[in-house]
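See structure below.
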Amino acid sequence: AGRYEFLRYLGRKLLAAAVSFFFALVIGFVLFSLIPADPVRALTRGRPTSQAQMLQLRKSLGLDKPLWLRFVDFVNDTLHGRLGQSWEFQQPVASLVVSRLWPTLLLMGTATVISVVVGLWLGVRSGWRHGSLFDRISSGVSLALWSMPTFWLGMILLITFSVGIGPIPSIFPANGMSDPSITGGLPHVLDVARHLVLPSLTMVLVVFAQYVTIMRSSIIDELGSPYLLTARAKGLTDADVRRRHAVPNALLPAVTVIFLQIGGIIGGAVTVETVYSWPGLGYLTYQALKVPDLPLLQGTFIIFCASVIIMNLIADVLYRFLDPRVRAQ
């Protein structure tokens with residue numbers, strides 16, 4: 001019976017994910033189709049082009065088709081794994097996405113791991129000693145950083161630690177993922193890590209506050225629970241009560257936030273990667289917006305939407321295993 005209930009639960013979640021993905025395709029297609037720009041003029045800018053050549057280019061790009069037919073072709077290509085041909089780069093969108101995927105995963109993965117570790121650690125200690133000086137400082141600083149626009153914070157860090165201000169010298173590279181003159185071996189790894197510092201630091205400073213807030217609230221909710229009083233009555237130390245009893249139960253709400261944020265942080269890479277010219281999917285999206293390169297924009301949009309939906313699905317399934325109350329519903 002338990003296995004049957006889980007399969008029903010999983011089926012409902014998969015159906016909801018499929019419906020969400022379809023509506024995301026509709027919204028994305030409509031939004032990109034309404035961009036007030038002419039891709040043909042952008043692609044032929046600075047080149048002597050006759051009206052007949054522009055009409056031919058428009059036909060070859062499929063822009064002469066009715067909007068509904070272009071949407072049908074878009075959905076059909078997406079379901080068959082065909083993301084089309086980039087107008088700007090003259091390459092398959094799928095190959096461009098694959099080539100830019102690793103830099104984005106490296107940046108977002110590094111930022112996510114650091115954010116989760118720092119955010120949960122601060123959240124646990126702030127909640128356990130809520131109202132203390134440590135709690136007020138950590139909560140205030142994290143919320144202040146959370147409220148800052150990502151692009152603004154990135155530019156401040158870029159100017160401060162890459163360009164240099166006053167006594168602060170230029171410490172980290174200003175753009176890119178690596179120095180082309182350094183290839184292979186440990187020097188290349190260290191060079192990539194050096195380029196990674198500022199982009200990942202920007203993401204960490206903006207994101208970790210969410211984990212601080214949710215973990216702090218969860219810990220505070222658990223403080224008055226009877227099982228903690230029982231654990232103290234058994235003679236456990238304050239640290240053992242926090243680590244072995246309070247934290248595991250308070251982690252449940254944080255799990256959902258973490259997985260949702262992992263999906264959303266990939267889409268949020270556009271700002272950070274553009275500021276630092278980091279060669280990932282976010283910077284690729286920015287390059288596509290300048291044309292606009294509709295097939296490329298739609299391809300990156302699909303990846304961003306799919307990442308959010310998949311992580312949401314994983315969070316729902318994992319939460320069912322972690323929380324018996326969900327299984328009982």
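The values are calculated or read from the model by the stated rules, or taken from the named source; none is laboratory data. Everything numeric in this text was worked out from a predicted model, so none of it was measured. Cβ coordinates were reconstructed from backbone atoms using ideal geometry, including for glycine residues, and neighbour counts include every protein chain displayed. Calculation scope for accessible area: heavy atoms of the full protein, side chains included, ligands and nucleic acids excluded. Shrake-Rupley method; radii C 1.70, N 1.55, O 1.52, S 1.80 Å.
Residues of the stretch 84-99 that are under 21 Å from the mean Cα position of the chain (by Cα) and buried (at least 22 other Cβ atoms within 10 Å of the Cβ): V93, L96. Quick one: is G164 under 24 Å from V257 (Cα atoms) and not acidic (D, E)? Against the criterion (under 24 Å from V257 (Cα atoms) and not acidic (D, E)), G164 does not qualify. A24 passes every criterion in (1) modelled with pLDDT of 75 or more; (2) open to solvent by less than 90 Å² (accessible area, probe 1.4 Å); (3) more than 30 Å from F321 (Cα to Cα); (4) touching a helix residue (DSSP H, G or I) at 6+ places or on another chain (Cβ under 7 Å) apart from (3). Per the listing R41, R100, the residue uniquely among the charged types (D, E, K, R), outside any loop (DSSP other than H, G, I, E, B) and modelled with pLDDT under 80 is R41.
Please work out which one of (1) more than 25 Å from F259 (Cβ to Cβ); (2) surrounded by 15 or more Cβ atoms within 10 Å (Cβ to Cβ); (3) not polar (S, T, N, Q) is the condition V72 fails and give its number. The number of the failed condition is (2).
In the stretch 14-28, the residues that are in contact (Cβ under 8 Å) with a residue 24 or more places away in the chain reach residues that are among the aromatic types (F, W, Y) with C-beta atoms within less than 6 angstrom, at least six apart or across chains, in these pairs: G28/F301.
The criterion of at least 3 residues that are at pLDDT below 80, buried (at least 16 other Cβ atoms within 10 Å of the Cβ) and of a type in the set (S, T, N, Q) is met, among helices (runs of 4 or more DSSP H) falling completely within the stretch 230-294, by 247-267. Taking the criterion of being assigned to a loop (DSSP other than H, G, I, E, B), over 27 Å from the mean Cα position of the chain (by Cα), surrounded by fewer than 16 Cβ atoms within 10 Å (Cβ to Cβ) and not hydroxyl-bearing (S, T, Y), the residues of the stretch 127-176 that qualify are R129, G131, G166, P167, P169. For beta carbons closer than 6 Å, sequence separation of 6+ or different chains, a first residue in the stretch 188-208 that is farther than 19 Å from S142 by Cα and a second that is surrounded by fewer than 23 Cβ atoms within 10 Å (Cβ to Cβ) and acidic (D, E), the qualifying pairs are D191/D179.
Here D179 passes the criteria (1) modelled with pLDDT of 90 or more; (2) open to solvent by 20 Å² or more (accessible area, probe 1.4 Å) except the one numbered (1).
Only one entry of G109, G62, G46 meets the criterion of being open to solvent by less than 60 Å² (accessible area, probe 1.4 Å), over 18 Å from L289 (Cβ atoms) and modelled with pLDDT under 80, and that entry is G62. Which residues, counting only those in the stretch 234-252, are touching a residue at least 60 places away in the same chain (Cβ under 8 Å) and over 15 Å from W121 (Cβ atoms)? L252, the sole residue that qualifies. Hey, among T202, T213, which residue is part of a helix (DSSP H, G or I) and buried (at least 22 other Cβ atoms within 10 Å of the Cβ)? Within the list T202, T213, the selection yields T202. Taking the stretch 53-83 as the range and being in contact (Cβ under 8 Å) with a residue 24 or more places away in the chain and more than 28 Å from the chain's Cα centre (by Cα) as the test, the residues that pass are L61, L63, L67, R70.
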